[in-house]
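Report on one structure; see the data block that follows.
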Amino acid sequence: MNSTEKRLRQLERILEVNLELVSTVEVTPLLDRIVSIAAELTESEGASILLLDERSGDLRFCTAADPQMSARLKEIPVPVHGSIAGKVLTERRPIVVTNATTDPRHFRQVGLQTGFQTRSLLAVPLQARDRCIGVLEAVNKRDPAGYTQDDVEILTALAAQAAVAIENARLVEALRAAYRKLGELDRLKSNFIAIASHELRTPLSLILGYASLLQEQGIGGHELEGVLRAAARLKHIIETMLNLRYLETGEMVLYREVFDLREEIAQACDSYRSLAEASALTLQCILPDTPLIVRADREKIRLVLDNLLSNAVKFTPPGGRVEVSAAHRPDMAEIIVADTGVGIPPEALPRIFERFSQAEDPMTRRFGGMGLGLSIVKEMVERHGGRVWAESTPGEGSRFYVRLPLSTPDR
């Protein structure tokens, strides 16, 4: 084989590694392939890759051309100061050693522990962007003439591919670790919500029960009304947290039934009328004369209405108006909850249906709430095959639109 043919064969083998590099994220088989080809193309007895262990500051073998040797090498730390590989790492340049047995830079502990004798050595740095992360070595050139400049170039090309593979693998592992951590945090959050909600429900039920009993007996007056309002608010927060958990874990089940949507709208308005009057607001309910028949989970639709009405009352100043209306649209029932409240800034409008979204700064905001109500509204409506959106003018009020599929004889 002449030099041109040999060079062509070397380039073909490097191209093979490159194609494997771009088609796999499994780094171990690829690095094994690189060291095997490194030994083959440099006509060496073996090859290995050492990586810098940033915790210990030593170099560690991660793979070698001989699988049996690779297992033993992984147990041997190679010092950065006092080894040829360390010098390559710190100086970021290839080093050729013609006779390792007499070279004082050679780290002989590897040979003593493995029984492998290193006679000659070619080592090149593994460069990843602006860092040197390790070293690729070829050992014991079969040709007595020793390693050539062609060998240096071949090994440098392979080292570049190895460095890319290693960095990609590290990035993938970092992403996997972050994903696992997020999953664990999500699990802990879900468990916390479940436990906290369960533990709060029992004492809250007792508070509401006794407070209602005292109110019926005419005991407590204004102060008792405050207790009831605070307890009702806490109950709403707990139910919101539980609904969020059910949605996230996929435990939310829709119990569909066919009913007239006007009934639920009217009942929701009636339940908020006293709160609106206490806030000096006018609450109007405008419904069509003809039924709005839907097939939906009545309780979940009521939750949607409650969240929209609660927001409308909360964000509308005294003297304002809240209007709830409904109408027929092609194959859809439309609900509109409009108010003359503070409105939503244009920059915040696209985010209002995101979880924990708040139009105001959390530290200075004037209105309470966890920022979960509208996200639950959106998910509930979409699970029913509908959609929800909002329009708003700051200082003039907001309009929330909900559309739900009308029920037909076959659904």
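The values are calculated or read from the model by the stated rules, or taken from the named source; none is laboratory data. Predicted model, so just to flag it, every value in this text is computed and none were measured. The accessibility values were calculated without ligands, DNA or RNA, using every heavy atom of the protein model including side chains. Shrake-Rupley method; radii C 1.70, N 1.55, O 1.52, S 1.80 Å.
Search the structure for amide H atoms under 5 Å from the amide H of HIS106, placed 1.01 Å from N in the peptide plane, and list their residues when 5 or more places away or on another chain.
none
Going by amide H atoms built from the backbone, whose H comes under 5 Å of the H on TRP389, apart from near neighbours?
Long-range HN contacts for TRP389: TYR401.
Give the shape of the stretch 53-98 as rounded, prolate or oblate, defined through the alpha-carbon gyration tensor: a ≥ b ≥ c are the square roots of its eigenvalues, a/c under 1.5 means rounded, and otherwise the shape is prolate if a/b is larger than b/c and oblate if not.
It comes out oblate by the Cα gyration axes.
Please list the non-local residues whose amide H lies under 5 Å from the amide H of ASP53, H modeled 1.01 Å from N, same-chain partners needing a gap of 5 or more.
Sorted by chain and number, the residues that satisfy this are ASP58, LEU59, ARG60.
Each residue of the stretch 65-75 in turn: what ³J(HN,Hα) in whole Hz from Karplus with 6.51, -1.76, 1.60 and θ = phi - 60°, glycine and Pro shown as x?
5, 8, x, 5, 5, 4, 4, 6, 5, 4, 8
Give a residue-ordered list of calculated ³J(HN,Hα) values for the stretch 172-180 (Karplus: 6.51 cos²θ - 1.76 cosθ + 1.60, θ = phi - 60°; whole Hz; x for Gly, Pro).
In residue order, the calculated couplings are 4, 5, 5, 5, 5, 5, 5, 5, 4 Hz.
Please label the shape of the stretch 68-152 as rounded, prolate or oblate, based on the square roots a ≥ b ≥ c of the eigenvalues of the alpha-carbon gyration tensor (a/c under 1.5 means rounded; beyond that, a/b larger than b/c means prolate, else oblate).
oblate
Using heavy-atom solvent-accessible surface (probe 1.4 Å) with all chains present, what is the largest-first order of ASP186, ASP331, ASP297?
Result, largest first: ASP331, ASP186, ASP297.
If you plug each phi of the stretch 304-314 into the Karplus form 6.51 cos²θ - 1.76 cosθ + 1.60 with θ = phi - 60°, what whole-Hz ³J(HN,Hα) values come out, in order, with x for Gly and Pro?
Here the 3J(HN,Hα) series is 4, 5, 4, 5, 5, 5, 4, 5, 4, 5, 5 Hz.
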